[in-house]
Amino acid sequence: MSGTVKDHIDYAYELDLAIKPESSVPIINREYGVFSGPGVPLFSIGGGYFRHALQQILVNFHSRRGYLVVETPLIASSELFKLSGHMDFYKSNMFILNIEDREFVLKPMNCPYHLLIFLNHIARFRSKVKLPFKIFEIGRVHRFEPSGSLYGLLRVRGFTQDDAHIITFESDTLNVILNVFDEIKLLLESVFNLPISQDNIRIRLSLSDKNLIGKDFMGTIEEWSSAEDTLEKITSIIAEKYGIKASIGVGEAAFYGPKIDIIMTLKSSSGVKEWQMGTIQFDFNLPRRFKIYDIIREVYGDNRVYIIHRALIGSIERFLGGYLEHYRGRLPLTLAPIQVAIIAIKTGDWEVDEVILDKTINIREKLLSNGLRVGLKESTKTSLPGDIRSIESTIKPPIIIYIGAREVRESILTISIFSHKEMKRISKTIKYSSLDEALTELENIIRGEEEGVIKISGFAPRIPADLSHML
Ligand code: ZN
């Protein structure tokens, strides 16, 4: 921690999302030193639940919007990446392996595999395959970064993309890209409480440097000019439709085509900061190299197609880092390691305490059977303030339920819910005549918190766990 300002690494550690290499495994560190610097963040238990919940949301969201969901291998023959052009234009960013005299790579991108799947699909199902063909993967990729530049979850060598490739006729391109923009907005607003406006989001169009085409940028001047013209038009349409600013960066394109990046302004440990989120990238090289133009002509006649690479949040790791700083470690209910903490405030009077514990255990069991991640903590009136401070500075459960003598006497549950809008907790009291009634009311409150996620993905992921040891 630098001074009193926490950064995303502190929050990730407090929430048990990821392990801090230099301080968290003292027994091993004493003997072997610190395993820091490989740039592959080690997610912990809380991080495991976070990732699985987010992945379930992303898979359902994309599937409901017509994407076909795949999962491709981490290792590939280097031949595949020779075909895609990566071995010529991207080799210095790649991890290369030699096994049994054959060369393999850790995939730095998912595209070549997605195109293989598309080609196989169209060979099997021919014109029954409709364009735009949208293929989605939560794809783990590895790219070399110099060790000196690695930093927390923000600059890493192994990361996870919400990655999709869209093969579309040129005539559908505008619609396809507008849809991707809608998806970015839906995801950020509904899952992450990040409302989008011209104050916090802008787009950047990255073009080639005409002098470096053929060297740093793969393809011909004609191909680049035609794709850049199309993308320029689309950029101004998007800027107007969403009322957001657009800028142009010459020479900043990907090696395979021009792109639009979505840049968001978030609060951070060092003031306000811009984060690159999603990206929409044009590619006229991969279709040529993978003979997609040929097969499209054969199956659909003389139509021009584009391949669009796109990610909505980009890297899950970097996005998480940015999010943690913006909301000071407050994850939304669906993604938090402990979703509901139940605090039993014991009195010292064993008869009363028995009732208190009985109720807290009942609530824990019910929440677990409803699929929630819970933690139960026994406290007392005197230790309560310290216990709350400790919970709020570490695991930060979005919902806390208090049960003490008063709650038992008056048949109420005192509930405290974290509001991202107000950045503070809001208290609520549930009055009940039977505990079942209280539990139904509690389930309604939880559903309310899950509403945004349910809206876009049709359900809220529920992965139950008793994580009481974290409180
Ligand atoms: Zn791609």
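Of note:
- Hits in segment 43-52 - residues which are modelled with pLDDT of 95 or more and touching a helix residue (DSSP H, G or I) at 6+ places or on another chain (Cβ under 9 Å): Ile45, Gly46, Gly47, Phe50, Arg51
- Subset of segment 430-453 [more than 20 Å from Pro332 (Cα to Cα), assigned to a helix (DSSP H, G or I) and of a type in the set (Gly, Ala, Ser)]: Ala438
- Under the condition of being within 20 Å of Ile45 (Cβ to Cβ) and assigned to a loop (DSSP other than H, G, I, E, B), the residues counted in segment 454-471 number 6.
- Extreme residue, nearest to Ala311 (Cα to Cα), among residues of segment 124-162 that are of a type in the set (Val, Ile, Thr) and in contact with a His (Cβ under 8 Å, 6 or more places away or on another chain): Ile135
- Scoring Ser379 on the criteria (1) assigned to a helix (DSSP H, G or I); (2) of a type outside the set (Phe, Trp, Tyr); (3) surrounded by 18 or more Cβ atoms within 10 Å (Cβ to Cβ) leaves a single failure, condition (1).
- Residue tally, condition surrounded by fewer than 18 Cβ atoms within 10 Å (Cβ to Cβ), of a type outside the set (A, V, I, L, M, F, W, C) and either out of contact with any Lys or Arg (no Cβ under 8 Å at 6 or more places or on another chain) or closer than 27 Å to Phe50 by Cβ (or both), over segment 395-425: 8
- Hey, Lys431 in contact with an Asp or Glu (Cβ under 9 Å, 6 or more places away or on another chain) and over 24 Å from Leu194 (Cβ atoms) or not: yes
- At least 3 residues being crowded, with 17+ Cβ neighbours inside 10 Å is the threshold, and among the strands (runs of 3 or more DSSP E) wholly inside segment 216-327 those reaching it are 259-268, 271-283, 305-315.
- Residue check: Asn444 meets all listed conditions (1) surrounded by 13 or more Cβ atoms within 10 Å (Cβ to Cβ); (2) free of Cβ contacts under 8 Å to residues at least 40 places away in the same chain but one, namely (1).
- Of residues in segment 236-285 being without any contact (Cβ under 8 Å) to a residue 24 or more places away in the chain and of a type in the set (Asp, Glu), the one farthest from the ligand (Cβ to nearest atom): Glu240
- Residue ID - modelled with the lowest pLDDT, chosen from residues in segment 425-440 that are within 18 Å of Ile343 (Cβ to Cβ) and not hydroxyl-bearing (Ser, Thr, Tyr): Leu435
- Residues of segment 87-112 satisfying the condition of being β-branched (Val, Ile, Thr) and surrounded by 14 or more Cβ atoms within 10 Å (Cβ to Cβ): Val105
- Any hit, segment 58-67, residues being in contact with a helix residue (DSSP H, G or I) (Cβ under 6 Å, 6 or more places away or on another chain), surrounded by 15 or more Cβ atoms within 10 Å (Cβ to Cβ) and at pLDDT 95 or above: yes
- A Cβ distance below 7 Å, combined with a sequence gap of six or more or placement on separate chains, defines the contacts here; from segment 161-181, residues that are touching a residue at least 40 places away in the same chain (Cβ under 8 Å) reach residues that are among the basic types (Lys, Arg) and within 15 Å of the ligand (Cβ to nearest atom) in the pairs Ala164/Lys134; Ala164/Arg310; Ile166/Lys134; Ile166/Arg310; Val180/Arg310.
For (1) within 16 Å of the ligand (Cβ to nearest atom); (2) more than 23 Å from Val156 (Cα to Cα); (3) in contact (Cβ under 8 Å) with a residue 24 or more places away in the chain; (4) not basic (Lys, Arg), each residue gets a yes or a no:
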residue	(1), (2), (3), (4)
Val40	no, no, yes, yes
Gly47	no, no, yes, yes
Arg65	no, yes, yes, no
Val70	yes, yes, yes, yes
Pro73	yes, no, yes, yes
Ser84	yes, yes, yes, yes
Phe89	yes, no, yes, yes
Met94	yes, no, yes, yes
Phe104	no, no, yes, yes
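- When segment 120-176 is limited to residues that are over 22 Å from Tyr293 (Cα atoms), touching a strand residue (DSSP E or B) at 6+ places or on another chain (Cβ under 7 Å) and of a type in the set (Gly, Ala, Ser), the one that is surrounded by the most Cβ atoms within 10 Å (Cβ to Cβ) turns out to be Gly139.
- In segment 145-204, of all residues being assigned to a strand (DSSP E or B) and hydrophobic (A, V, I, L, M, F, W, C), the one that is farthest from the ligand (Cβ to nearest atom) corresponds to Ile201.
The values are calculated or read from the model by the stated rules, or taken from the named source; none is laboratory data. Here the structure is a predicted model, which is why all the values come from computation and not from measurement. As a convention, Cβ positions derive from the backbone with ideal geometry for all residues, glycine included, and neighbour counts pool all protein chains shown.
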